[in-house]
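Below you'll find the structure, written out as structure tokens, and then a few comments.
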Amino acid sequence: MLIVLNHKMNLTVDDALEYQRQLAQKTYQDTVVVCPSYPYLPLFKGPNYQLGSQDVSAFAESKHTGEVSAYQLQSLKVSYCLVGHSERRTFAHEDNACIQAKLEQLLEHDMIPILCIGETKQDHLEHKTWAVLERDLKAVMEPLSLENRKKVVIAYEPLFSIGTGEVLENDQIAEVLTCTKRFMKETYGIDSMVLYGGSVNDKNFHHLKEIEVLDGFLIGGFSLQITELQKLL
Ligand code: PGA
């Protein structure tokens, strides 16, 4: 399984150093990817886990004050990067064109994008989940080459489950993951890796793990509790 830890905008530098110290102590059966804030990336070094970024610039050229390029992330030995997280889509107004450009940047620099997709509560209640996901997937996958499409990991995160404790039933999550895999297979002929994210914690982890089509988790808030997290891993 792939277990991605999204720290969001948390931790001081001392907290990050302590987190890294604890994370580096254990060996993990699953592939663990830690995504700290940009300034802490150089503090995290495996070899028992992989380094991920929470975001990347959509631009290649340097005239973008405040941004961090794929080229720079690559030089920091980052192997994975979240793209299109709902918090970026909402607060930074990222659209599919911007997300597509970020995917291209990452793939050009040999990093694995973790593409986040999900529906709003309203979409969910109006049974529009798959329509929304298919639209967003097509918009960013279509322009990629076949080789690049194969490298993208997809993370399904219902927006109303992020940080809320409201988790869908296993069969509902399984249905979306199955549709996603089927879409990728039938449209592009590839077997995509699909993760689930949204309020994953030590109480629901084992239950969610029973979802057969699941390839891993994207964990936000709970990932900060390193001691409890290590018990699970
Ligand atoms: P959460 O966040 O686990 O705190 O719900 C998940 C995410 O934002 O990726």
Computed over the chain: relative contact order in percent, which uses C-alpha pairs under 8 Å that are six or more apart:
20 percent
Scale the Cα Rg of the chain by the rule-of-thumb value 2.2 N^0.38 Å and send over the ratio, two decimals.
0.96
Label points 7 Å out from Cα along the Cβ direction at residue 138 and residue 65: separation in nm?
4.1 nm
Considering the chain as a Gaussian network with a 10 Å cut-off on Cα pairs, which listed residue, 92, 101, 16, attains the greatest mean-square fluctuation?
92
Give the lysines reachable from residue 26 as a straight Cα distance under 22 Å; neighbours fewer than 8 places away on the same chain don't count.
45, 77, 203, 209, 231
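Please compute the contact order of segment 159-233 in relative form: average sequence separation of alpha-carbon pairs under 8 Å and at least six residues apart, divided by the residue count, as a percent.
Working: 80 pairs, mean separation 24.4, N = 75.
Result for segment 159-233 is 32 percent.
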Under 17 Å Cα-Cα from residue 102, which lysines qualify once same-chain neighbours fewer than 8 residues away are excluded?
63, 138, 150, 151
Taking placed amide H atoms and a strict 5 Å upper bound, the residues 5 or more places from residue 50 or on another chain that come that close are 32, 33, 34
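Let me spell out the model: positive unit charges on the Cβ of Lys and Arg, negative unit charges on the Cβ of Asp and Glu, origin at the Cα centre of segment 147-216. What dipole size does that give, in debye rounded to 20? Provide the component values of the computation, followed by the final result.
On the way: 8 positive and 12 negative charges, 68 e Å.
With Lys and Arg at +1 and Asp and Glu at -1, about 320 debye.
Could you calculate the contour length gain from residue 190 to residue 108, that is, 0.36 nm times the residue separation minus the distance between their Cα atoms, to one decimal place in nm?
Gain on extension, residue 190 to residue 108, equals 27.6 nm.
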Expected unfolding gain across residue 92-residue 13 under the 0.36 nm per residue rule, minus the alpha-carbon gap, is 26.0 nm
Which aspartates and glutamates, if any, have their Cα less than 16 Å from the Cα of residue 128, not counting same-chain residues under 8 positions apart?
119, 136, 157, 175
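At 0.36 nm per residue, and after removing the present C-alpha to C-alpha distance, how many nm does the segment from residue 210 to residue 171 gain when stretched out fully? Please list the in-between numbers first.
Numbers: separation 39, 0.36 × 39 = 14.04 nm, distance 1.01 nm.
The residue 210-residue 171 span can extend by a further 13.0 nm.
In debye, nearest 20, what is the charge dipole magnitude of the chain about its Cα centre with +1 on Lys and Arg Cβ and -1 on Asp and Glu Cβ, if you could check?
For the chain, the charge dipole is close to 460 debye.
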Above 14 angstrom, tally the Cα pairs of segment 8-68 and express them as a % of all pairs, no decimals.
60 percent
Put a dot 7 Å past each Cα toward the Cβ at residue 37 and residue 225; how far apart are the dots in nm?
2.2 nm
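Bear in mind that the values in this text are calculations on the coordinates, not laboratory data. What you see is a predicted model; the values in this text were computed from it and never measured. Cβ sites come from the backbone with ideal geometry, for glycine too, and all protein chains shown count toward neighbours.
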